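This report refers to the structure that appears directly beneath it.
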Amino acid sequence: MTANTKAADKAAIEDLLAEARRRTLDLVEPLDDAQLNRVYSPILSPLAWDLGHIANFEELWLVQTIADRAPLHGELGRFYDAIENPRVTRGELPILRDAELRSYMDEVRERTLEVLAEVEIGPEAEDPLLRDGFVYEMLLAHELQHNETMLQLLQLVDGYEPLLPVGTAAVEGTGADMVEMVGGTYEIGAGPRGFAYDNERGRHTVELAPFEIDRTPVTNAAYTDFMEDTGAAAPDYWERDGGGWVRTAMGRREPLAPDHPVVHVSHEQAEAFARWAGKRLPTEFEWEAARERLDSLGQVWEWTSSDFVAYPDFSAFPYSEYSEVFFGEQYRVLRGGSWATHPRVARPTFRNWDLPQRSQIFSGLRCARDA
Ligand SMILES: [Fe+2]
């Protein structure tokens, strides 16, 4: 790699970091400090925590870890540790707020760019964190993923006027159409090159029996039929309105669009729907194998029947708190990505996970069955 391409890579990283930051700031631009500090839900962080956490994570990895510099605010980082501070406690923490929060974000970014100018990030870099710019990709992904959790909360903010496009789009077709997949050996997971999280590796083969999978995600219309037939609970933010249903997001109450994918359903609701439809949820391997044949990807996260567990040859990198501590039977995998997920995050091999009773994420489903 020549000196010029290295400089170009660094310029590209700088642009990508700036673009992600613009997206973060655009999301909160319409809000005042009181709204940033307000706790809207015990399972969602106040936005001020997300903003400080984004900057603190950047400081921790791009300044403290790779350049061995001291933190700007001493021990502050412990209040932004996502594992140490459950969401329900975050509104009460002595975190940065208002003008102090904004200047912290700017100061960290300044230091990040100073360090970026100094480090070697090519394929020969000795530190695996820096090799091929891994740690910068990780930071970008982190900020963009937090943009999505911020959007989960922004749905609860009355009168929020987004600067970015929001919401799902209509699904084509009747929803009855299924894709047939032949049985056999499929390659699953991320290869050794390029950015991926540790939980997407190693790439390995799996044997799948023949199966069918819905061509499109389950729609509001289909979910309403299921509710009326079984008395199942409504997804989050739905309310009865006369004979029909309305949904409230960002303070706006609107009739449900029948042909949009259903969103904000839990794993438990998704499984019950699939049973009612005479089908089942796909495994995450089935989902990944069929991905290229599926329509309307990237509208809603799609629940699978798989527990969030390690792939063969998994090794935690760069820290076990990203995924390893969550492995086990308590979490289910979601695949795909939602309208709120940045395309950079929604890799075909990306694995999201949540507790089966949770529905605050932009979660929907499509069904599968044995062929
Ligand atoms: Fe985080």
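The values are calculated or read from the model by the stated rules, or taken from the named source; none is laboratory data. Computed from a predicted model, the values in this text were never measured in an experiment. Every residue, glycine among them, receives a Cβ derived from its backbone with ideal geometry; neighbour counts consider all protein chains shown. The protein model used for the area step is the full one, side chains on, heavy atoms only, and it has no ligands, DNA or RNA in it. Shrake-Rupley method; radii C 1.70, N 1.55, O 1.52, S 1.80 Å.
For the chain, what does -39500 (n - 2.57) per DSSP helix run (n ≥ 4), summed and divided by total residues, give at 222 nm, in deg cm²/dmol to the nearest 500?
It lands at -10000 deg cm²/dmol.
If you line up the long axis of helix 47-58 against the longest principal axis of the chain, both from Cα atoms, how many degrees apart are they, to the nearest 10?
Here the helix axis deviates by roughly 50 degrees.
Dimensions of the chain along principal axes (Cα, Å, largest first)?
The Cα atoms of the chain stretch 61, 50, 35 Å along the principal axes, largest first.
With everything on Cα atoms, drop me the angle between helix 134-154 and the longest principal axis of the chain, reported from 0 to 90° to the nearest 10.
It works out to around 50 degrees.
Work out the charge dipole of the chain with +1 on the Cβ of Lys and Arg and -1 on the Cβ of Asp and Glu about the Cα centre, then indicate which of Ala190, Thr65, Pro94 is farthest towards its positive end.
Ala190
Karplus couplings for segment 71-82 from phi (6.51 cos²θ - 1.76 cosθ + 1.60, θ = phi - 60°), rounded to Hz, Gly and Pro as x?
With coefficients 6.51, -1.76 and 1.60, one gets x, 5, 10, x, 7, 3, x, 5, 7, 9, 6, 5 Hz.
Between beta-carbons, use under 15 Å as the cut-off and find the net charge around Glu187, counting Lys and Arg +1, Asp and Glu -1.
Around Glu187, the surrounding residues sum to -2.
Tell me the relative contact order for the chain as a rounded percent, counting alpha carbon contacts under 8 Å between residues six or more apart.
Over the chain, the number comes to 17 percent.
Against the longest alpha carbon principal axis of the chain, how many degrees, from 0 to 90 and to the nearest 10, is the axis of helix 220-230 turned?
60 degrees
Give the residue from Gly298, Pro123, Gly133 lying farthest towards the positive end of the charge dipole for the chain; charges sit on Cβ (+1 for Lys and Arg, -1 for Asp and Glu) and the dipole is referred to the Cα centre.
Selected residue: Gly298.
Would you check the accessible area of Arg369, probe 1.4 Å, heavy atoms only, in square angstrom rounded to 10?
Surface accessible to solvent at Arg369 totals approximately 90 Å².
Which of Trp339, Val309, Phe79 sits farthest toward the positive end of the charge dipole of the chain, with +1 on the Cβ of Lys and Arg and -1 on the Cβ of Asp and Glu?
Trp339
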